[in-house]
């Protein structure tokens with residue numbers, strides 16, 4: 001079961017809240033030691049892909065980019 005939660009400031013640390021459904025399914029109790037092997041940080045990729053912000057079609061964008069390659 002994939003679970004999405006948000007890290008929040010908790011004193012000088014960060015903490016996550018486990019959804020009730022997950023706690024019940026896994027029979028998690030206070031004091032249990034948990035191993036959280038999968039952490040995927042959702043990132044704002046607009047800085048990386050910001051150049052692709054265009055109203056033109058994907059094909060027109062590719063054609064425009066390829067024109068620059070012809071001179072190489």
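The values are calculated or read from the model by the stated rules, or taken from the named source; none is laboratory data. Bear in mind the structure is a predicted one, so any value in this text is a computation, not a measurement. When we count neighbours, we look across all protein chains shown, and the Cβ atoms used for this are built from the backbone with ideal geometry, even at glycine.
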Within the stretch 3-13, restricting to residues that are under 22 Å from residue 29 (Cβ atoms) and loosely packed, with under 11 Cβ neighbours inside 10 Å, the one that is modelled with the highest pLDDT is 13
Restricting the first residue to the stretch 14-31 and requiring it to be part of a helix (DSSP H, G or I), which pairs with a second residue that is modelled with pLDDT under 90 and surrounded by 10 or more Cβ atoms within 10 Å (Cβ to Cβ) meet a Cβ separation below 8 Å and a spacing of at least six or different chains? 22/3
Within the stretch 49-69, identify whether any single residue is assigned to a loop (DSSP other than H, G, I, E, B), at pLDDT 75 or above and surrounded by 10 or more Cβ atoms within 10 Å (Cβ to Cβ), and answer yes or no. no
Return yes when residue 45 is modelled with pLDDT of 75 or more and either within 20 Å of the chain's Cα centre (by Cα) or loosely packed, with under 10 Cβ neighbours inside 10 Å (or both) and no when it is not. no
